[in-house]
Amino acid sequence: MINGRSPGSVAEALRIQDELRPLVDLVGPGPTAPATAAGLDVAYAESGDRLAAAVTVLDATTLAVVDEAVSVGRPAFAYVPGLFAFRELPALLDALDRLTVRPDLLVCDGHGLAHPRRFGLACHLGVVTGLPSIGVGKTPLVGQWDEPGPRRGASTPLRDGGEVVGRVLRTRDGVKPVFVSVGHRMSLDNAVDRVLALTPRYRLPETTRTADRLCRAALAARPR
């Protein structure tokens with residue numbers, strides 16, 4: 001997707017990724033004390049032909065929701081490994097456009113650099129919007145890692161092909177870790193710090209939890 005246009009073929013999607021990948025800023029350092037952080041998540045109907053994309057903007061200090069938006073539609077692209085972002089980007093960008101508060105940071109339910117083509121959803125959204133972004137995945141797409149220590153805040157590098165592409169982070173004592181990677185305009189250390197700040201009680205960031213509830217509610221409220 002460039003300027004809101006979805007690709008018409010796999011070849012075009014690959015070309016778009018190749019054009020946008022060099023624009024990713026993997027250094028940052030990004031905001032260390034953002035006023036707001038946005039969660040982005042997408043839920044699919046059981047049939048798979050409808051989706052709801054949600055964005056919730058949280059006060060980064062209190063974690064209260066200060067703005068939210070949702071877009072319900074259809075997947076914009078076929079399911080192709082490595083190109084999954086193209087299915088969700090139009091709806092997510094539409095939801096972002098509906099916000100009245102511009103977030104300081106995007107927190108995606110997915111991956112950024114920790115992607116087979118080094119250009120996951122968090123990278124794509126960051127480049128297209130220009131906003132700092134990070135990916136927080138529940139499961140990995142790529143890489144090898146050592147299990148982090150059992151205490152909250154413990155982490156180990158996520159490596160793929162000899163390259164560090166993310167961090168395996170324990171957000172709660174004794175609970176499965178999450179997989180953090182840079183999307184755009186953020187350093188990996190800062191991304192990890194921001195994820196810890198957004199996970200005071202649960203495994204997943206509050207940004208992800210609130211966006212997940214919103215997109216599921218939107219699908220339930222708009223039956224076929």
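The values are calculated or read from the model by the stated rules, or taken from the named source; none is laboratory data. Since the structure is predicted, the reported quantities are computational estimates derived from the model, not experimental observations. Please note: Cβ atoms are built from the backbone with ideal geometry, for glycine as well, and neighbour counts cover all protein chains shown. Remember, those area values only see protein heavy atoms, side chains included, never the ligands or the DNA or RNA. Shrake-Rupley method; radii C 1.70, N 1.55, O 1.52, S 1.80 Å.
Remarks
- Fraction of accessible area attributable to carbon and sulfur, the chain (%, probe 1.4 Å): 52
- Available extension along the chain between Arg201 and Tyr79 is 40.5 nm, counting 0.36 nm per residue and deducting the alpha carbon span.
- For Leu188, the solvent-accessible surface computed with a 1.4 Å probe is close to 30 Å², ligands and nucleic acids excluded.
- The alpha-carbon atoms of region 137-224, seen along their principal axes, cover 47, 28, 23 angstrom, with the largest extent given first.
- Here the Karplus curve 6.51 cos²θ - 1.76 cosθ + 1.60, taken at θ = phi - 60°, turns the phi angles of region 133-145 into couplings of 8, 9, x, 10, x, 6, 9, x, 9, 9, x, 10, 7 Hz, with x standing for Gly and Pro.
- Taking every alpha-carbon pair under 8 Å whose residues sit at least 6 apart, the chain reaches a relative contact order of 23 percent.
- Ordered by solvent-accessible area of protein heavy atoms (1.4 Å probe), largest first, the residues Phe119, Phe77 come out as Phe77, Phe119.
- Here Gln144 and Thr100 are evaluated by their C-beta separation; at R0 = 30 Å the FRET efficiency comes out at 0.10.
- Of interest is the spacing of the C-alpha centroids, which for region 6-66 and region 118-197 amounts to 14 Å.
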